[in-house]
Amino acid sequence: MSQHLLDPSWLARLERLQLATRKAVSGNRAGKRRSRQLGSSMEFADFRAYVPGDDLRQLDWNAYARSGKLFLKKYLDETELHVNLYIDCSRSMSYGQPSKLSRSVQIAAALGYLSLCQLDHVSVYAFDSRIVASLQGLQGKGQAHRLLHFLSSVQEGGTGDLHAALRQPGAVRGQAGISIVLSDFLFPAGYAEGLAYLQAARQEVTLVQVLSQEELQPAYAGELRLIDAETSQAKEVSMTGLLLAEYQKSLQEYRQELAAFAYGRGIAFTGIEAEQSLESIVFHVFRQAGMIR
């Protein structure tokens, strides 16, 4: 299952990463919460591999004697981070090869796994116009199998509506945290209300727009009948070079509009192509965008 979603050879690299947050998020269980960073309490929580620059006082020499590798002890601390991953599974996300949905699920697996390794709380939601499936409150590397099992079961849904989905009871947790939305953001009803609702719930929001190469640079020609994936509405078009140029202009303007909306609201935004390799997306695009460190 992990091989299907994540290359096992990457797991050690993922374990050394963490989601970047612009502000500290405190929990409500003083003294009993696991931190994404090393804590100061005496209650042991987990191990992680040593990274140059780590506090050498936290090295576990017994583990080194057994394995010859350097590990740090992690302790329970007084801060916790809640990470919420929202995956758009509406029908438009089934487009492309690999599909936008399958790439989004893999991205969620990578982000969820590295968050669990940092002892963050992880919740995942698949949505179209409602929350069609969710898995909430995971914490610790030992929960990775539950995360991957859930993500492997995410399937294509119906018509997408971000605002309607997020307004459902239980769609947004009460704790402040990070919410990452993976979607093409091609919602007929728009995206502004839904994102404003997330921010009102004290979420530090990040948008990852996933589009296919064929959507960005379609290679269609001639007389075609185009059918909307979500509404099933059809339209007869004569696909000329001029029409393709107008389409690409409109798409570029829409992407710029989404990015401008995000930046204006203090929301992080990253655009990717579904055909990009997962390794490139996680270890290069996301790191360059400051999403992870």
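The values are calculated or read from the model by the stated rules, or taken from the named source; none is laboratory data. Worth saying up front: this structure is predicted, and the values here are computed from it rather than measured. In this analysis, Cβ positions are derived from the backbone assuming ideal geometry, glycine residues included, and neighbour counts consider all displayed protein chains. Side chains included, ligands, DNA and RNA excluded: accessible areas come from the protein's heavy atoms. Shrake-Rupley method; radii C 1.70, N 1.55, O 1.52, S 1.80 Å.
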Taking the stretch 158-170 and keeping only residues that are surrounded by fewer than 18 Cβ atoms within 10 Å (Cβ to Cβ) and either among the small types (Gly, Ala, Ser) or free of Cβ contacts under 8 Å to residues at least 12 places away in the same chain (or both), one is left with Gly158, Pro169, Gly170
Look at Arg293 and say whether it is open to solvent by 70 Å² or more (accessible area, probe 1.4 Å), of a type in the set (D, E, K, R) and under 20 Å from Ile180 (Cα atoms).
-> yes
Across the stretch 105-135, what is the total count of residues that are in a loop (DSSP other than H, G, I, E, B) and within 25 Å of Leu211 (Cβ to Cβ)?
-> 3
Would you point out the residue of the stretch 171-190, among those that are open to solvent by 10 Å² or more (accessible area, probe 1.4 Å) and either among the aliphatic types (A, V, I, L, M) or within 17 Å of the chain's Cα centre (by Cα) (or both), that is modelled with the lowest pLDDT?
-> Arg173
Could you give every pair whose Cβ atoms fall below 9 Å, whose first residue belongs to the stretch 278-293 and is closer than 13 Å to Arg22 by Cα and at pLDDT below 95, and whose second residue is assigned to a helix (DSSP H, G or I) and basic (Lys, Arg), counting only separations of at least 6 or pairs across chains?
-> Arg293/Arg287
Out of (1) modelled with pLDDT of 95 or more; (2) more than 23 Å from Ile107 (Cα to Cα), the odd one out for Met239 is which?
-> (1)
Would you confirm whether any residue within the stretch 49-58 is under 27 Å from Gln276 (Cβ atoms), modelled with pLDDT of 90 or more and in a strand (DSSP E or B)?
-> no
Taking only pairs six or more apart or across chains, which ones have beta-carbon atoms under 6 Å, a first residue in the stretch 218-229 that is in a strand (DSSP E or B), and a second residue that is open to solvent by 80 Å² or more (accessible area, probe 1.4 Å) and at pLDDT 85 or above?
-> Arg225/Glu236; Leu226/Lys235
Of the conditions (1) closer than 21 Å to Leu195 by Cα; (2) part of a helix (DSSP H, G or I), Ala245 clears all except one; give me its number.
-> (1)
Residue list for the stretch 255-293, restricted to those being over 22 Å from Arg202 (Cβ atoms), small (Gly, Ala, Ser) and part of a loop (DSSP other than H, G, I, E, B) = Ala274, Ser277, Ala289
Does the stretch 96-116 hold any residues that are modelled with pLDDT under 95 and either in contact with a strand residue (DSSP E or B) (Cβ under 9 Å, 6 or more places away or on another chain) or at positive phi (or both), and which are they?
-> Gly96
Across the stretch 136-147, what is the number of residues that are open to solvent by less than 20 Å² (accessible area, probe 1.4 Å) and in a strand (DSSP E or B)?
-> 1
